[in-house]
Amino acid sequence: MKQQSYVIQKVNSDQEMQDALAVRKAVFIDEQEVPADLEIDEHDQPGSGTVHFVAYNEQQPVGASRLRPYEPGVGKIERVAVLKDERGTGLGRQIMIVMEEAAKELGFDSLKLNAQTHAQRFYEKLGYEPHGDVFDEAGIEHIAMVKALR
């Protein structure tokens with residue numbers, strides 16, 4: 001399998017935001033059947049302080065995620081999505097690395113995320129540690145995870 005060359009960037013335009021939302025819709029709404037009103041929320045609105053990311057392969061949006069302030073010094077990673085055809089390529093890991101760099105630039109000391117339990121090992125390999133009990137979000141089992149950046 002040939003190595004893909006992805007471009008992962010912060011969303012800076014309406015088109016890039018639409019591209020990121022299209023990936024999230026494909027993964028969360030279409031594939032995982034998360035209700036649209038739960039998937040798209042107030043943290044997707046302009047001016048919310050959320051930093052969105054989009055990943056491209058040959059100009060096609062194939063990945064997305066967002067990072068938002070959670071509490072002082074803590075950022076929250078959410079909506080990490082990779083299209084089905086791109087899974088297993090290392091794209092998810094690359095997106096996480098780009099987000100962690102951005103989080104450091106924003107001054108966050110640690111990151112929090114709620115992982116779908118099937119993805120827990122993926123995040124553990126990146127240094128995230130489970131925190132608390134498994135809980136249900138949008139009908140999918142999740143576990144809270146945290147990672148110190150400094």
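Observations
- Summed side-chain charge close to Ala103 - residues other than Ala103 whose Cβ falls under 14 Å, Lys, Arg +1, Asp, Glu -1: +2
- Less than 5 angstrom separates the built amide H of Val34 from those of Ile29, all sequence-distant by 5 or more or on a different chain.
- HN-Hα J in Hz across region 106-123 - Karplus 6.51, -1.76, 1.60, θ = phi - 60°, x for Gly and Pro: 7, x, 6, 8, 8, 10, 10, 8, 10, 8, 5, 4, 5, 9, 4, 4, 3, 6
- 1.4 Å probe accessible area per residue over region 15-91, in Å²: 49
- Prolate/oblate/rounded call for the chain, Cα gyration tensor, a/c under 1.5 rounded: rounded
- Taking the centroid of alpha carbons for each part, region 6-63 and region 90-143 are 17 Å apart.
- R0 of 25 Å, Cβ-Cβ distance Val146-Asp30: FRET efficiency to nearest 0.05: 0.25
- Accessible surface of the chain, 1.4 Å probe, proportion on carbon and sulfur as whole %: 48
- Spacing of the modelled spin labels on Ala138 and Glu42, each 7 Å from Cα toward Cβ, amounts to 1.8 nm.
- Look at the alpha carbon pairs under 8 Å that are at least 6 residues apart: their mean separation over the length of region 1-125 gives a relative contact order of 24 percent.
- Relative packing of 23-30, 120-127, which averages over residues the other C-beta atoms within 10 Å, highest first: 23-30, 120-127
- Nonlocal amide H pairs with Glu141, under 5 Å, H built at 1.01 Å: Thr117
The values are calculated or read from the model by the stated rules, or taken from the named source; none is laboratory data. Since we're looking at a predicted model, the values are computed, not measured. FYI the Cβ positions are ideal-geometry reconstructions off the backbone, even for glycines, and counts take in every protein chain you see. Calculation scope for accessible area: heavy atoms of the full protein, side chains included, ligands and nucleic acids excluded. Shrake-Rupley method; radii C 1.70, N 1.55, O 1.52, S 1.80 Å.
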